[in-house]
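The values are calculated or read from the model by the stated rules, or taken from the named source; none is laboratory data. Treat the numbers as computed from the prediction; the structure is a model and nothing was measured. Cβ: placed from backbone, ideal geometry, glycine included. Neighbour counts: every protein chain shown. We work out accessible area using only protein heavy atoms, side chains counted, and drop any ligands, DNA or RNA first. Shrake-Rupley method; radii C 1.70, N 1.55, O 1.52, S 1.80 Å.
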Amino acid sequence: MKAFTDLYLQVDSTTKTNEKVEALVRYFETASAEDAAWAVYYLIGRKLKRVVDAPRLRAWAAAEAGVPDWLFAECYDAVGDVAETIALLLADSLDNRSQTRSLTDWIEHTLIPLREADESNRRTMLIDAWNELDRSQRFVWNKLITGGFRVGVSQRLVERALARASGIEEATIAHRLMGDWNPTPEFYRSLIAGDESDADVGRPYPFCLAYPVEGSPEDLGSIAGWRAEWKWDGIRAQVIKRSGRSFIWTRGEELVDDRYPELAEVVAALPNGTVIDGEILAWRDDRPLGFDSLQKRIGRLKPGKKLLAEIPVILIAYDMLEFNGIDIRDRGFESRRELLKETRSNLSWLQRDRIIISEIIEADSWRALADERDRARSIGAEGLMLKRSGSPYRVGRKRGDWWKWKVDPLVVDAVLIAARRGHGKRAGLYTDYTFGVWKDDALVPIAQAYSGLTDDEIQLIDRFIRNNMVEKFGPVRTIKPELVFELAFEGIRRSPRHKSGIAVRFPRIVRIRTDKVAADADRLETLSRMIPQAVDPNASG
């Protein structure tokens, strides 16, 4: 546990990529296979289910620290992180056993058994663990048990470190980390092994991702070297057929065959050795139903006949990654696309309705393509994808070959009406904001946002909030309605669950409107008029 905690502190204490990678390499070069497996598991963002719910965790920690609940709440409000609050409040440990217990020992003989223990034993086991750990280890341990473990490294940096420590190509490491696996010593040894014979039959490939277009697309050169497709708002997925078995993996590495049986049936009909990259969309009458319709399918592990009929799904196929069992990602985009067409053509007409190849949008100039992009919202798309005609299918996000050219966001002027403190490094500042627009003579909330401001602007807004608080509701403070902000968002829909009757998607702050007063903010009717410009998922299509 000590070595893993030291790694966490080293990575968390620097913003320099090379220093993070060096710390990771040192750890993987010295850690046992069993500890390295668990470290990889957590570092790339996987986690075990929370073993103790937040109210019990806080109550037990407050009692052990000898502080009343209100004081614990105040401390948490100041620190902004429950794991750190507990680590700071509890007395330093005088027990040295944690210096010799491994990460694996802690997880497999303490953390996992916590899940099976009754409440009384769980509390005793947890307090014993706190008393055995020093403050830094206790902080990391709390992150593990709450399911909130995050540290400032991306999966790509972990892959780079593993490649350096093992001598295996980074792309191979990335591929082996995909899909479903358990953090065992055997898995870790296979991860850094030299041969490929242990590859999982259902393992997807790392997804190729795009950067947003910066500036003008004319900077990419002649349009003749590029292919444009619609950028859809669904669930990115890979469908796989190997050795007579079929799989549907999301980009989030969830296996979702049972959730989309109409797709699973088509995937089962594909030839062995097939991997297709695409987007799962709720679809009816040749258009998407909207992401909120798709959300009704996401949480249903086994949807019933009524839901299947109301919200059918398809796969918009973007790319072919494997053909006849051969990895073809190094071939050019157009070559892969021809093989995708060939594979789809061998399906029955009914199956072809479930897998639709992404349309190539024809345009002889960037200006003409911009006109096509302008109609994206009217068909339920987010904009365009631009792909270099000869580009390979790369691992992760690489500049140069794939770009996303989204439509301009919808914007609205709204009033700051409430705020709460942030978390982590923003714990001492009010950074999570609620915004409202006018409905008759009252402001109704329409969005919460916390991104888009500079550090100086955050400090300015924090001072305003502290000087203009009206009421307190738990951690939320209502604010005198004076400051106006320009907000941007990607979509808007009707929502009976919200007081305003609407919901916006991906709201963010564009700027503070110092040139406006609260009375100048937009009205709810203005936002309602935006809905026909987007896709109204409550419409039948």
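Pairs of Cα atoms under 8 Å, at least six residues apart: use those to get the relative contact order of the stretch 392-541, whole percent.
26 percent
For the peptides 117-127, 397-407, 479-489, what is the packing order when you average, over each peptide's residues, the other Cβ atoms within 10 Å and list the highest mean first?
Details: 117-127: 14.3, 397-407: 15.8, 479-489: 19.7.
Taking the mean over residues of other Cβ atoms within 10 Å, the ranking is 479-489, 397-407, 117-127.
Could you check how much of the accessible area of the stretch 367-429 is carbon and sulfur, as a whole percent, using a 1.4 Å probe?
On the way: 1260 of 2690 Å².
C and S fraction of accessible area: 47 percent.
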Could you tell me which of rounded, prolate or oblate describes the stretch 134-214, using a ≥ b ≥ c as the square roots of the eigenvalues of the alpha-carbon gyration tensor, with rounded for a/c under 1.5 and, failing that, prolate when a/b is larger than b/c and oblate otherwise? oblate
Kindly report the accessible area of the chain per residue (heavy atoms of protein chains, probe 1.4 Å, no ligands, DNA or RNA), in Å². 47 Å²
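Taking all protein chains together and a probe of 1.4 Å, list His175, His423 from the most accessible to the least accessible.
Values: His175 45, His423 100 Å².
The residues order as His423, His175, largest area first.
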Collect residues whose amide H, placed 1.01 Å from N in the peptide plane, falls under 5 Å from the amide H of Asp233; neighbours closer than 5 in sequence don't count. Glu382
Value at 222 nm in deg cm²/dmol, rounded to 500, when DSSP H runs of n ≥ 4 in the chain each add -39,500 (n - 2.57): -10500 deg cm²/dmol
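Which shape class applies to the stretch 267-414: rounded if a/c is under 1.5, otherwise prolate when a/b exceeds b/c and oblate if not, where a ≥ b ≥ c are the square roots of the Cα gyration tensor eigenvalues? Write down the numbers at each step before the final one.
On the way: a/c = 1.80, a/b = 1.02, b/c = 1.76.
Oblate shape, in that a/c is at least 1.5 and b/c is the bigger or equal ratio.
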Within the stretch 232-336, DSSP-loop GluC sites (Glu not before Pro) with at most 15 other C-beta atoms within 10 Å are Glu254
Integer Hz, Karplus 6.51/-1.76/1.60 couplings in order for the stretch 439-449, x for Gly and Pro: 10, 6, 9, 10, 8, 10, x, 10, 6, 10, 8
Those aspartates and glutamates that a straight Cα-Cα span of less than 15 Å connects to Lys439, excepting residues fewer than 8 apart in one chain: Asp413, Asp520, Asp522, Glu525
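Pairs Lys296/Lys398; Lys472/Lys499; Lys47/Lys387; Lys241/Lys305; Lys143/Lys480: which exceed 28 Å Cα-Cα?
Lys296/Lys398; Lys47/Lys387; Lys143/Lys480
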Scan around Ala418 for amide H atoms under 5 Å from its own, H built in the peptide plane at 1.01 Å from N, and keep only partners 5 or more places away or cross-chain. Thr434, Ile479
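Pairs of alpha-carbon atoms within less than 8 angstrom and 6+ residues apart define the contacts here; what relative contact order does the chain have, in percent? Write out the running numbers ahead of the final one.
Working: 964 pairs, mean separation 68.4, N = 541.
For the chain, the relative contact order is 13 percent.
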So for the stretch 347-474, averaging the separation of alpha carbon pairs under 8 Å that are six or more residues apart and normalising by length, what relative contact order in percent results? 13 percent
Would you kindly derive the ³J(HN,Hα) couplings of the stretch 404-414 from the backbone phi angles with the Karplus curve 6.51 cos²θ - 1.76 cosθ + 1.60 (θ = phi - 60°), listing them in order in whole Hz, with x for Gly and Pro? 10, 10, 7, 5, 4, x, 6, 10, 8, 9, 10
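Would the chain count as rounded, prolate or oblate if I go by the C-alpha gyration tensor, calling it rounded below 1.5 in a/c and otherwise prolate when a/b exceeds b/c, oblate otherwise? Display every interim value, and only then the final one.
Working: a/c = 1.79, a/b = 1.11, b/c = 1.61.
Since a/c reaches 1.5 but b/c is at least a/b, the shape of the chain is classed as oblate.
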Measure out, as a whole number of angstrom, how far apart the alpha-carbon centroids of the stretch 476-516 and the stretch 97-137 sit. 44 Å
Rounded to the nearest 5, what % of the DSSP beta bridges within the chain are antiparallel ones? 90 percent
